[in-house]
1. Could you tell me whether G374 is of a type in the set (G, A, S) and on the phi > 0 side of the Ramachandran plot?
2. Could you list, in sequence order, the residues of the range 44-63 that are of a type in the set (A, V, I, L, M), out of contact with any strand residue (DSSP E or B) (no Cβ under 7 Å at 6 or more places or on another chain) and surrounded by 16 or more Cβ atoms within 10 Å (Cβ to Cβ)?
3. In this structure, is A482 in the same structural domain as A398 (by TED's automatic domain parsing), among the hydrophobic types (A, V, I, L, M, F, W, C) and within 29 Å of the chain's Cα centre (by Cα)?
4. What number of residues within the range 97-123 satisfy the criterion of being in a strand (DSSP E or B) and either modelled with pLDDT of 70 or more or hydroxyl-bearing (S, T, Y) (or both)?
5. Restricting attention to the range 78-96, does a residue exist that is more than 29 Å from H493 (Cβ to Cβ), assigned to a strand (DSSP E or B) and of a type in the set (V, I, T)?
6. Take the range 59-73 and flag every residue that is more than 19 Å from R5 (Cβ to Cβ) and out of contact with any Leu (no Cβ under 6 Å at 6 or more places or on another chain).
7. Out of the range 490-530, which residues are under 22 Å from N418 (Cβ atoms), among the hydroxyl-bearing types (S, T, Y) and touching a helix residue (DSSP H, G or I) at 6+ places or on another chain (Cβ under 6 Å)?
8. Test of understanding: among L366, L352, which residue is at pLDDT below 85, under 30 Å from R420 (Cβ atoms) and of a type in the set (A, V, I, L, M, F, W, C)?
Amino acid sequence: MENARLPFLAQKAHKLPLLPGVYIMKNRSGEIIYIGKAKALKNGVSSYFRSVEKHLPKVYQMVSNVFDFDYIVTDSEFEALVLECSMIKLHMPKYNILLKDDKGYSYIKIAPKQFGRIRQVFQREDDGAEYIGPYISSFVVNETVDEANRVFQLPTCNRKFPQEFGKARPCLNFHIKRCMGVCTGKISENEYDEILRQAVDYIKGGSSRSIEQMTRQMEAYAENMQFEKAAQLRDRIRAISRISESQKVVFTSVPNQDVIALARGEHDTCASVLKFREERLVDKQDFLLGAVDSLDEARLAFLLQYYTGREDIPKKIQLDGEIEDLEIVCQLLGEQSGHKVEIRLPKRGEQLRLVEMAQKNAAEKLSQKVQRTGREVAALDELARLLGLSKPPAYIEAYDISNIGSDTVVAGMVVFENGRPLRRCYRKFSIKTVCGTDDYASMCEVLSRRFARYFDPEQTDEAFDRMPDLILLDGGKGHVSAVAPLLEGMGVHTPVFGMVKDDRHRTRAIAKTGGEIAISSHRSAFTLVASIQEEVHRFSIQYSRSKHQKGAFALLLAQCPGIGEKRAAEIYRHFKTAKALRAASLEELMQVKGLGATRAQAVYEFLHRED
């Protein structure tokens with residue numbers, strides 16, 4: 001939809017000063033639909049009204065609805081950033097990224113009765129139980145309750161104690177040392193209450209304080225010659241220490257920090273915030289951001305909106321990617337919080353694992369909305385980041401050339417939609433114009449025929465009726481270089497990459513015209529690409545073998561008296577498989593067009609000559 005006001009808006013923008021400031025886009029009704037900042041207002045605002053057709057979808061839609069704009073000049077980029085944040089909070093413009101908080105309060109409940117349990121609940125009741133919370137997500141509660149029950153070997157079954165002492169054999173958790181075995185009746189109520197209290201202290205105070213308290217108690221037991229109780233505490237301390245070293249879910253070496261990561265789907269984006277306080281994860285929040293055109297821009301917009309007006313800003317924030325104006329953002333958050341704020345992009349170690357965990361949680365949240373698994377969402381998001389795509393590739397086509405000798409050269413096309421095989425759109429190609437085994441030329445022929453079908457207004461095959469978001473070729477950069485000019489000439493601008501195998505025919509890297517991209521360290525994307533490569537290879541080689549067997553059998557059948565190569569091929573085509581042909585009766589053979597009774601008898605005797 002073309003905006004008739006574009007010439008006026010472009011002329012007005014051209015008169016703006018080259019100074020920092022904030023611009024306010026309005027629709028025909030005077031409603032504010034977008035607020036942004038610019039280092040130089042003239043350049044920033046003018047860019048919206050030039051080459052409008054090249055804008056990303058969301059920007060194009062916004063520009064189509066702009067009737068007029070205002071602006072406010074500021075003294076610095078920093079002031080522009082502060083003003084932009086406050087105005088977005090105030091006006092909530094339609095085309096700015098707005099945070100939709102996924103709130104769902106949870107509590108940790110410690111039951112007050114005999115042999116009480118530690119559980120997660122969603123409601124706080126007046127039942128005399130002790131409650132810890134609320135938490136703005138069940139995620140932290142689940143993880144914390146699980147860790148406390150595991151470390152202190154508390155029962156998680158539905159048995160009632162002491163009523164069910166000795167009435168059934170201990171469950172598997174007792175035998176793998178995940179439960180102390182209260183059901184055996186060998187744990188007194190006082191002993192159990194002491195252990196339960198230690199678990200609650202562990203939840204409230206974290207691992208360091210729990211270890212200190214239990215160490216003092218262990219030493220006291222040892223001095224009083226109560227070695228069995230001292231040994232139990234020693235084992236519990238070791239269990240906590242092991243979890244503290246390996247469990248990134250509950251503990252971290254940085255006392256106070258937030259970890260933020262985004263996951264993007266085809267029509268929505270989710271940001272996940274993991275909040276660590278006093279060396280432990282205390283909360284997780286998920287926010288749906290809607291469709292975004294750029295992850296970097298979305299990350300910056302989310303960061304500013306999330307922290308604007310907040311008092312609890314940690315000294316360190318870990319991000320999963322770049323943001324513009326990093327120093328200015330740190331300055332803004334520092335002035336707001338009253339202390340220095342560092343924003344980091346971890347590349348290795350514990351902090352990178354935490355960022356990956358935040359990405360996984362964002363993907364899981366997004367998967368609930370799009371009805372796909374979190375693994376599928378994460379794989380497509382990671383693949384898009386890795387290949388520099390503007391959005392996750394929802395529709396992927398992969399091609400492979402397969403041959404058994406120069407006479408049987410074929411290709412297979414497989415389709416993955418939203419990370420899953422779309423088998424009804426798989427297609428087979430027999431190479432028609434290439435002599436010999438020239439894989440590059442064969443690949444060009446296949447893609448030429450595929451997209452010729454796409455541009456043909458009369459074709460009705462759904463497999464050729466959609467432009468893919470990504471094309472993957474089973475081969476290296478040579479394949480990519482060979483097909484790139486062809487696709488460019490046909491007006492196909494879909495990104496094309498090759499899938500490279502190692503000496504053991506396993507996926508090793510992704511090829512582009514200028515080199516290769518290593519993917520083995522990107523687990524989700526690697527698994528997806530490897531499965532696509534394996535599937536397209538299986539599909540194409542299966543077709544190649546089938547065609548080769550068909551040709552070989554047709555040649556064999558041509559040796560029958562009165563049957564030439566052409567008629568042999570027709571007979572095989574009629575029955576489709578050698579097994580069906582061998583099982584055919586004389587009457588069924590006579591139904592083949594042009595075969596006749598005499599030739600049908602000859603074929604029948606030829607097929608059963610060994611009998």
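1. Answer is no for this residue.
2. Going residue by residue through the range 44-63, those that are of a type in the set (A, V, I, L, M) are 45, 52, 56, 59, 62-63.
Filter once more, keeping what is out of contact with any strand residue (DSSP E or B) (no Cβ under 7 Å at 6 or more places or on another chain): 52, 56, 59, 63.
Within the range 44-63, V59, V63 qualify.
3. no
4. Quick first cut of the range 97-123, residues in a strand (DSSP E or B) only: 100-101, 106-110, 118-121.
Checking which are either modelled with pLDDT of 70 or more or hydroxyl-bearing (S, T, Y) (or both) leaves us with 106-110, 118-121.
Residues flagged as in a strand (DSSP E or B) and either modelled with pLDDT of 70 or more or hydroxyl-bearing (S, T, Y) (or both) within the range 97-123 amount to 9.
5. For the range 78-96, residues more than 29 Å from H493 (Cβ to Cβ), assigned to a strand (DSSP E or B) and of a type in the set (V, I, T): absent.
6. At the first step, the residues of the range 59-73 found to be more than 19 Å from R5 (Cβ to Cβ) are 72-73.
Residue satisfying the conditions is I72 alone.
7. T507, S524
8. L366
The values are calculated or read from the model by the stated rules, or taken from the named source; none is laboratory data. Since the structure is predicted, the reported quantities are computational estimates derived from the model, not experimental observations. Note that we place each Cβ from the backbone using ideal geometry, even for glycine, and neighbour counts take in every protein chain shown.
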